[in-house]
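Readers should treat all values here as calculations from the given coordinates under stated rules, not as data from a laboratory. Note that this is a predicted model, so its numbers are computed, not measured. Backbone-built Cβ (ideal geometry, glycine too); neighbour counts: all protein chains shown.
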Amino acid sequence: MPREVPRARRIAEQVQRVLSQLLLREVRDPRLKPMTITHVKVSPDLTHMWVMYTLLSGDAHDELQQEILDEAAVYLRGPVGRALKLRLAPQLHFAPDEELERGNRLGDLIGQAVRDDKARHVDDEVADAAPAAAGEDVDLAHYDSDLDDAADDERP
């Protein structure tokens, strides 16, 4: 894995701030939806910058939004270079943030697995509560965990 250059990291953070402001002030296309720039990746020679974004509403893979941003990248190149005082203005490449979407999908899958697990074990909770509900005397003062473990071993 390539080593990260500290200057490139600092410039990436600055590009994120500058582009956020420039997108609000300079890009006046009414079709452009509100978005957040999640992070910026910078080439080691600072000539290319990949700007990862997510839309606040709608599909992040909207082709119209990508087209608007690609057109705006040409016009934003100069102001970004001047704001950062770079000798060469970087080429900007916009792309939807896949990592954020992947994390959201993973969170949804974990939540679904937890809900399925709870639904599957409802019968176990009812069976455990049955002796107490039936009026049987449950003596917890003499609880032996070894007996409980042995009973667990016998279950299929």
For segment 61-97 and segment 1-52, distance of Cα centres in Å
8 Å
Cross-link reach list, lysines versus K85, counting only Cα pairs under 20 Å and skipping chain neighbours closer than eight places
K41
Round to the nearest 0.05 the FRET efficiency obtained for K33 and L86 when R0 = 30 Å and r is the Cβ-Cβ distance.
0.55
How compact and how long is segment 14-85, expressed as Rg and Dmax of its alpha-carbon atoms in Å?
12.0, 35
Spelling it out for T38: with amide H atoms placed in the peptide plane at 1.01 Å from N, the residues 5 or more places away or on another chain with amide H under 5 Å from its amide H are M52, Y53, T54
Find how much the distance from R7 to R115 grows on full extension, using 0.36 nm per residue of separation minus their present alpha carbon separation; answer in nm with one decimal.
34.3 nm
Give me the net charge of E98's neighbourhood, meaning all other residues with Cβ under 15 Å from the Cβ of E98; Lys, Arg count +1, Asp, Glu -1.
-2
Once phi is turned into ³J(HN,Hα) by the Karplus curve 6.51 cos²θ - 1.76 cosθ + 1.60 with θ = phi - 60°, what whole-Hz value does each residue of segment 47-56 show in order, with x for glycine and proline?
9, 10, 9, 9, 9, 8, 9, 9, 7, 7
